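Below is one structure; the comments refer to it alone.
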Amino acid sequence: MFKRGCGLEFFLMLCTSLELPLSWSCPRHCVCYSSPTTVSCQAHNFLMVPEGIPPHSERIFLQNNRITMLLRGHFSPHTVTLWLYSNNITFIDPDTFQGFTQLEELDLGDNRYLRALAAETFSGLPKLHALHLYRCGLTSLPSGVFQGLRSLQYLYLQDNRIEFLQDNLFADLMNLSQLFLHGNRLWSLHQNTFHGLSSLDRLLLHENQLQWVHRGAFHDLKKLTTLYLFNNSLTELSGECLAQLPSLEYLRLNGNPWECDCKTRSLWEWLQRFRGSSSSALCESPPDLRGRDLKRLTKEDFPSCSGSESLHQIKTWTTADKVSFKKDHHGRHHHPSTRQHPPPPPPSDGSDAPSSSDKSPPPSSTDEGHRPQGARNCSRQRYRGPKKILKEVHTLEEMADKEPQEYPGEGKFGHPRKKPKCTRPPPLRPPSGVQQANGSSAASGQQHPTACLMNLIASALLAAVIR
């Protein structure tokens, strides 16, 4: 039996060794869990971060309270997930998250009175992959505020009051996959606005006040598949601007006052070659074209425009690029040992993406070498697994158009795939010398003279025995 007073000490030691949750170690009105260590304090009208949060807490949920400020020491550097959305935060100490090397998700969204951030607020967060700053009343973003966030994949900046994005603001975000900027007050996009976003897949810019987009604004977005520009104030957009997006699949341009004159001729030409899904782009002017879809206009609708100039604007491969490609391709052709997959050849018409009415693209070259168009490698074993389905994009409430899907047995945008026929290869025959060595005389039906003499002698002996 334990001595009086020793029972409590033993119980505490047992709980500590087994890492059991202790009710007294949790802040009041909160619930704590273990594996992973979690503190849940949402929706309790806290005016400040509650005291007594266990120092080794990995997940802290403080959303839907009335917290007004965040200071250094409120949280532990061991935090992995921190939710603080839907509070009344007006100030964040720049050192609040200093040394949080394990932090992966930080949700500060829906704090409408935050309005400003210090440039060093998020410095030193090497593992952060999701940052929520939506609906925070932000009017600007200081230079360097995202510096060093090389693991960031999701950045939510929608529904703020941002009017301008500084050049190279996202330069360190080379792994960013989705950037949400819709519902702001942006009016222009410059050449280096999105510099460094080489992995970006989705860029949402709708519901802004965009009037001008630099023709090189998207030059780093080689992996972008989704671009939303609807419900802005765009009257023109250079075809060259969109021709820098070789992976684009979904484009939304509706809800803009397009001026369908010579300024939009290059955009019209690019749209004729675009193979992905695009919305309508209704003309606002001139009066005789008002209400018509820019995509469905014809060359006759641009009578006073010079086609050569607009065609030159949407070329994505310069002469130097083509020469470099030819040299690189020629060099690999003479050195098979170092051969790699060649990059796609430059389009001859100067655009990256043909229109959806065009036929499916020619097959790309393979490791066996360049086969002529339509030829098929019949000796290679074919994969008979399920076909890939085109990845769907989440439909927003503002969108009325539906994204096309790829169904089994159909091409990428609903066109049936045409499979080139395989010609039966000629039968393989052994060399003529081998065939003769195996008995060419037997194949011709003649017998050797010695064999004939032996047969005659055997017949004579058999006749004599019978007699």
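Bear in mind that the values in this text are calculations on the coordinates, not laboratory data. Because the structure is predicted, anything quoted here is derived from the model rather than measured.
Tabulated values for the structure
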read-out: Whether region 163-317 is rounded, prolate or oblate, judged on the alpha carbon gyration tensor where a/c under 1.5 counts as rounded; value: prolate
read-out: Antiparallel content of DSSP bridges confined to region 25-157, in %, to 5; value: 15 percent
read-out: Taking region 163-317 and dividing mean pair separation by its residue count, relative contact order in percent (alpha carbons under 8 Å, at least six apart); value: 17 percent
read-out: Under-5 Å amide H pairs with Ser278, H placed in peptide plane, nonlocal only; value: Leu251
read-out: Shape call, region 55-159: gyration tensor on alpha carbons, a/c limit 1.5; value: rounded
read-out: Spatial separation of Cα centroids for region 21-60 and region 261-300, in angstrom; value: 57 Å
read-out: For region 55-61, Karplus couplings with θ = phi - 60° (6.51, -1.76, 1.60), whole Hz, Gly/Pro x; value: x, 9, 5, 9, 10, 10, 10
